[in-house]
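Chemist: If you scroll down you'll find the structure; I have some questions about it.
Read the figures in this text as sums done on the coordinates, not as results from a lab. The structure presented is a predicted model; accordingly, all values stated were derived computationally and were not measured. So basically every Cβ, Gly included, is an ideal-geometry build from the backbone, and we count neighbours across all protein chains shown.
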Amino acid sequence: MSPMQDPVQGEPEHHDDETDMELYDIRVVVDRIEGRSVCGMSVGDCFEVVNSAHVRVPGAFCLYALSAVLPLIPAKQRALPPGDWLERDQYVACPDPDERLIMRIERGELKAMRSSELT
């Protein structure tokens, strides 16, 4: 048993003053538009997810493009095994077939966090 394990449960103990997880900040950037820009977005438009769940949108970002990428964000915030497809893949397509907008998920700073401070 390691010194940080709960002797009853066998799981790591977490103290409020210690970090117990690491998450990447995420930036999602419009990489290319292969059709016509119906929603008015341009290459380079972006938004960020920082500090686990805070979304920063410097300008406008299409709701439908946003909804396509959001389910992948929690997984990309974490380090994944090297063979995991999501560790290797970074592109997401907007669901609008006329637009064919392609977004790129970029990892930013890896931050140590306390799970007790997160929802």
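Chemist: What length, rounded to one decimal in nm, is gained on full extension from ALA75 through to VAL55, with 0.36 nm per residue of separation minus their alpha-carbon distance?
Modeler: Values: separation 20, 0.36 × 20 = 7.20 nm, distance 1.58 nm.
Roughly 5.6 nm would be gained on extension.
Chemist: If I take every Cα pair under 8 Å that is 6 or more residues apart in segment 21-113, average their sequence separation and divide by the length, what percent do I get for the relative contact order?
Modeler: Values: 176 pairs, mean separation 41.2, N = 93.
This gives 44 percent for segment 21-113.
Chemist: Something else: Just to check I understand the Karplus step: with θ = phi - 60° and J = 6.51 cos²θ - 1.76 cosθ + 1.60, what whole-Hz values come out for segment 46-57, glycine and proline as x?
Modeler: Using θ = phi - 60°, the values come out as 7, 8, 10, 10, 10, 6, 6, 9, 8, 9, 10, 10 Hz.
Chemist: Here's a follow-up. Loop only by DSSP, 12 or fewer other Cβ within 10 Å of the Cβ. Give me the GluC sites (Glu not before Pro) in segment 22-119 that pass, ordered by residue number.
Modeler: Details: sites: GLU22, GLU34, GLU48, GLU87, GLU99, GLU106, GLU109, GLU117; in loops: GLU34, GLU99.
Answer in residue order: GLU34.
Chemist: Can you list the residues, at least 5 places off or on another chain, whose amide H is less than 5 Å from the amide H of MET21, using H built in the peptide plane?
Modeler: Here the answer is MET113, SER115, since their amide H atoms fall under 5 Å of that of MET21.
Chemist: Residue by residue through segment 104-110, what is 3J(HN,Hα) from phi via Karplus (6.51 cos²θ - 1.76 cosθ + 1.60, θ = phi - 60°)? Round to whole Hz and write x for glycine and proline.
Modeler: 10, 8, 10, 8, x, 5, 8
Chemist: Sticking with this one: In debye to the nearest 20, how big a dipole does segment 21-113 give about its Cα centre with +1 on each Lys and Arg Cβ and -1 on each Asp and Glu Cβ?
Modeler: On the way: 11 positive and 14 negative charges, 21 e Å.
The calculated dipole for segment 21-113 is roughly 100 debye.
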